[in-house]
Amino acid sequence: PGVTVLLRDFEDFENDLAGTTRSFASLPVPVLVAAETAPYPPVPLPAGGNLLPLRPVVDRPPPLAHPELHIRTRHVALVPDGTRAVPGLLERMRDTLEENVGDTRLVAAPVGSMPLRCLELRLEPRVWTARYGPGVPGVCRAVEGTAVLLLRTRDLFALPFPLARPMPTSLFIQAAFRGWGLRVMPTAFPAARRPPVSPHGRWKAENLAESRRRRLMRDLGVKREVLADGRERWYGCGKETARCFGTVHARTPQYLLAGRWTPPCCLRALRETARHVAEVLETAGVRYWLEGGSLLGAARLGDIIPWDYDVDLGIYREDVGKCRWLAAVAAAEEPVEDTEGFLWEKAAEGDFYRVHYSRSNRLHVDLWPFYPRGGVMTKDTWLGHPQDVEFPESFLLPRVPMSFAGFTAMAPNNARAFLELKFGPGAIENPEYP
């Protein structure tokens, strides 16, 4: 029985570890400072405080093999650096946890004068999203503000990432996956009076916090956070990084095997690339239209199909020379980067073109050059996809505008008949999940 105080979220270069440890050790309760390595500059921990090193050292036993063995009490309190103890408050938090029935597994108490804001947290694993909203007091899933968090030791170490930083966000998301509730205490812990952080220290802390948060979201499988005020934080791929998934085999991306759909950052990049390519083609006078699964997505949703991983456009082969980027690729057969950082290239698989989101990020739009022959549109490269078939040119005479991925694209004039020719009857109403 009892409560162990665990200090995890702090910075080596500017902290109050000694003061926080001294305050809680005086209650007395055991205090553990958990860190990858001993803080540098060194921090002399007062009596009652011990260091729990998390990173293995080659000439010592592995410290992380069983970190839970270092906590011998039934409950553990995760205390922010710079918090001051209040006699009896940890015990009241423990009693509140044990008295509550149902799904309550966490108790939070504010630190300082600002009250905690109760939040709802809804996870949408299939679309890699964590969504926050205003919570109903008594049934919080997360809190906004600096807080001491108390839970059972066995619950903490039953989590796959028990000591991941930032600790509050890590706990809230892992708890939400398990349906755990959170109870907020009205009584606050005081915050220590500390000198202002130096501008360099603030810059350093902000960068470290961002890198930790990105690493945490990668581990937890979250690519997008929607905050309670409607703002969004993105953690997936971007223009300067590789895309979030590797080579696709048998038209089944790796994420589908994990029960997820296309990461939202990838869909965002595909939308940007499709819009850019459509604008370039229209400006150059190249006749294009939505093809295959992209037309199917436009007909169903006005958007990319949520599990798709590229965009398909058909173009008239005779118009290729009108577009400077296509003409350059066709002549040199070398990739060409346009003025906005999109990479145009001739596909290695056959006679068609690809436009990548960037040189680093190979999310792409495929451009399929068709040409009319006896009133039928055909092409020279067929990859064996079921929808990869010839069709009457009358579908393109005229082409019509259609909403797609946040802009207006050109499409065949009878989308339903075109899609049913390619995919079979009822293609729009009957999605076929890969």
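The values are calculated or read from the model by the stated rules, or taken from the named source; none is laboratory data. Values in this document were obtained by computation on a predicted structure and should not be read as measured data. As a convention, Cβ positions derive from the backbone with ideal geometry for all residues, glycine included, and neighbour counts pool all protein chains shown. To get the accessible areas, we keep the full protein, side chains included, count just its heavy atoms, and leave off ligands, DNA and RNA. Shrake-Rupley method; radii C 1.70, N 1.55, O 1.52, S 1.80 Å.
In table form, for the structure just shown:
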quantity	calculated
In Hz, Karplus ³J(HN,Hα) per residue of the range 389-406 (6.51, -1.76, 1.60; θ = phi - 60°; x = Gly, Pro)	9, 6, 8, x, 5, 4, 5, 9, 10, x, 7, 10, x, 8, 5, 7, 6, x
Calculated from backbone phi, Karplus (6.51, -1.76, 1.60) coupling profile of the range 106-121 in Hz, x at Gly/Pro	10, 10, 10, 10, x, 10, x, 8, 7, x, 7, 9, 6, 10, 8, 9
Label point distance in nm, residue 257-residue 387, each placed 7 Å from Cα along Cα→Cβ	2.4
DSSP-defined antiparallel bridges as percent of all bridges, the chain, nearest 5	65
Ellipsoid equivalent to the range 179-230 - semi-axes via the Cα gyration tensor, in Å	26, 23, 11
Gaussian network model of the chain, Cα within-10 Å springs - most flexible of 197, 148, 58	58
Over the chain: helical MRE at 222 nm, DSSP H runs n ≥ 4 each giving -39500 (n - 2.57), nearest 500	-7500 deg cm²/dmol
The range 122-218: radius of gyration over Cα atoms, expressed as a fraction of 2.2 N^0.38 Å	1.23
Kirkwood Rh, angstrom, the range 281-434 [1 / mean 1/r, Cα pairs]	16.0
For the range 1-152, Kirkwood radius (reciprocal of mean inverse C-alpha pair distance, Å)	17.0
Computed over the chain: relative contact order in percent, which uses C-alpha pairs under 8 Å that are six or more apart	11
For residue 45, residues with placed amide H under 5 Å, excluding near neighbours	none
Net charge over other residues, Cβ less than 14 angstrom from the Cβ of residue 202 (K, R count +1; D, E count -1)	-2
Peptide ranges 336-345, 306-315 listed from the most packed, as the mean C-beta count within 10 angstrom indicates	306-315, 336-345
Potential extension, residue 242-residue 113 segment - 0.36 nm per residue separation minus Cα distance	42.1 nm
Spin-label pair residue 371/residue 430, simplified geometry with 7 Å Cα→Cβ offset, distance in nm	3.7
Heavy-atom accessible area per residue - the chain, 1.4 Å, Å²	48
Spherically averaged projected area of the chain from its Cα convex hull (nm²)	26.3
